[in-house]
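Before any comments, here is the structure.
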Amino acid sequence: MIYLDYCATTPVDTRVLEAMLPYFDAVFGNPSSRSHLYGWQAQEAVDAAQKRIADWLGVSPDEIVFTSGATESINMALRGFFFRHREDNPHFISAPTEHKAVLETLSYLEENYGLEVDYLPVDAQGRVRPEDVLPAIKPNTRMVILMWGNNETGVLHPIAAIAEICRSRGIVLMSDATQAAGKCVMRPRDVGVDMLALSSHKMYGPKGVGILYVRRGVELHPLISGGGQQKGRRSGTLNVPAIVGMARAIEILAQEGAEESQRLERLRNTIERQLVERIDGLAVHGGVAERLPHISNVAIRGVYSEDLLLALSTKVALSAGSACNAAEIRPSHVLKAMGLSDDEALSSIRISVGRFTTQEQINQAVDYITEAVRILRTR
């Protein structure tokens with residue numbers, strides 16, 4: 001079976017697994033145990049991982065908080081910032097194409113705590129225009145939340161231009177960079193991004209670990225209380241094997257990411273070109289915008305994605321959008337915000353290539369998809 005759903009998750013690289021293995025048994029200590037060698041060794045591994053990740057992002061190690069993944073990081077950023085500044089009656093700005101981890105968290109704060117949120121429109125490619133940000137800013141605007149690259153279409157927001165606006169007004173910019181990690185250069189401090197969420201399992205690392213970069217000076221109310229680990233920002237025993245694995249995955253990306261991204265872009269362009277040539281009525285969403293190199297979102301006229309995915313379920317692993325919405329048969333909120341009709345959105349699939357995708361797999365997948373479309377259209 002051909003795996004083309006790398007946006008949902010990635011397999012753990014064997015080099016990452018090898019780095020993790022000693023921390024399950026030989027070096028198994030709790031990094032909070034400061035009175036003996038086992039704890040010292042574990043803390044040393046965490047410190048080294050934290051520095052490696054910080055160097056990759058161009059930030060300081062004490063600005064990195066380890067979490068269970070991007071969803072927790074996003075909740076920590078949004079809820080933590082809101083509750084820290086609740087007395088100021090803060091106003092947030094976001095976009096309707098954000099991941100559900102952002103949208104549902106904002107909705108929760110709106111409904112239960114009266115947070116005021118405005119959602120900026122996106123253009124037909126799914127981008128927020130910088131010129132729309134400034135008019136939306138109010139005297140009490142404290143945060144803008146925009147993802148680096150969209151998880152369904154790969155389309156990139158003009159983050160640098162938006163960051164400049166936020167910086168000039170003293171507004172915190174938070175970005176979900178889960179899909180962008182390793183696919184483009186991310187230096188949040190240089191760009192002007194104040195908080196950044198990442199998840200290890202999108203980078204060939206283990207599931208269950210991620211980070212939140214928090215620029216020094218940005219204050220958050222902790223969501224998890226306990227032993228005061230990570231300077232009180234997130235209590236709980238650290239997942240040392242997973243943290244070590246994430247750092248190793250990032251080390252590999254730092255060494256190989258640029259070349260890998262070029263290869264992924266070639267594969268993505270190849271599959272889009274072949275599908276357009278062989279299937280009538282196929283459109284690429286966000287195809288003329290600057291995109292992440294590994295994601296393609298296509299609509300096939302007259303074929304519902306649910307039927308196509310079922311027909312391909314034992315041959316090619318694809319998705320109809322975010323894995324977090326996989327159980328829902330409803331139009332993608334991302335595509336709807338871009339102006340697509342229900343039928344167009346329900347006829348769309350996401351194809352995402354990765355480190356272990358080959359040209360032979362692409363050619364075979366195109367054959368499978370083309371044949372499945374032919375059969376479904378005949379029916």
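Since every read-out is calculated from the coordinates, none of them should be taken as a lab result. Quick caveat, the model's predicted, so the values are computed rather than measured. So basically every Cβ, Gly included, is an ideal-geometry build from the backbone, and we count neighbours across all protein chains shown.
List the aspartates and glutamates whose alpha-carbon lies under 18 Å from that of K183, not counting same-chain residues fewer than 8 positions away?
D5, D13, D55, E152, E251, E256, E259, E260, E265, E290
Which residues' amide hydrogens lie under 5 Å from the amide hydrogen of A320, considering only partners 5 or more residues apart or on another chain, with H built in the peptide plane?
R350
Lysines within cross-link reach of K336: Cα-Cα under 16 Å, excluding same-chain residues under 8 positions apart?
Cross-link targets: K100.
To the nearest 10 degrees, how steep is helix 37-57 against the longest Cα principal axis of the chain, on a 0 to 90 scale?
Result, in degrees: 50.
What stretch of the chain, leaving out the sites themselves, is the longest with no chymotrypsin sites (Phe, Trp or Tyr not before Pro) in a DSSP loop having at most 15 other Cβ atoms within 10 Å?
On the way: sites that count: F24, F28, F356.
Formally, the longest exposed-site-free interval is 29-355.
Over region 14-252, calculate the relative contact order: mean separation of alpha carbon pairs under 8 Å at least 6 apart, over the residue count, as a percent. Please list the in-between numbers first.
Values: 448 pairs, mean separation 65.0, N = 239.
Value for region 14-252: 27 percent.
In degrees from 0 to 90, rounded to the nearest 10, what is the angle of the helix 359-378 Cα long axis to the longest principal axis of the chain?
The two axes meet at around 50 degrees.
Using θ = phi - 60° and the Karplus relation 6.51 cos²θ - 1.76 cosθ + 1.60, list the HN-Hα couplings for region 199-207 in order, rounded to whole Hz, with x at every Gly or Pro.
10, 4, 6, 8, 10, 6, x, x, 6
Just the Cα atoms of region 154-193, one point each, no solvent: what log10 I(q)/I(0) does Debye give at q = 0.16, 0.17, 0.34 Å⁻¹?
These q points yield log10 I(q)/I(0) values of -0.38, -0.43, -1.32.
Using a Cα-Cα cut-off of under 19 Å, which lysines could be cross-linked to K51, ignoring same-chain neighbours fewer than 8 residues away?
Correct list for K51: K231.
Starting from the Cα gyration tensor of region 273-379, take the square roots of the eigenvalues, sort them a ≥ b ≥ c, and report rounded, prolate or oblate (rounded when a/c is under 1.5, otherwise prolate if a/b is larger than b/c, else oblate).
Values: a/c = 1.35, a/b = 1.12, b/c = 1.20.
It comes out rounded by the Cα gyration axes.
Residue farthest toward the positive end of the dipole of the chain, with Cβ of Lys/Arg at +1 and Asp/Glu at -1: which of I279, V240, Y3?
Working it through, the farthest residue towards the positive pole turns out to be V240.
Quick one: angle between helix 159-169 and the longest Cα principal axis of the chain, in degrees between 0 and 90, rounded to 10, please.
The two axes meet at around 40 degrees.
Can you find, among A124, S200, T378, the residue sitting farthest towards the positive end of the charge dipole of the chain, where Lys and Arg contribute +1 and Asp and Glu -1 at Cβ?
About the Cα centre, the residue reaching furthest to the positive side is S200.
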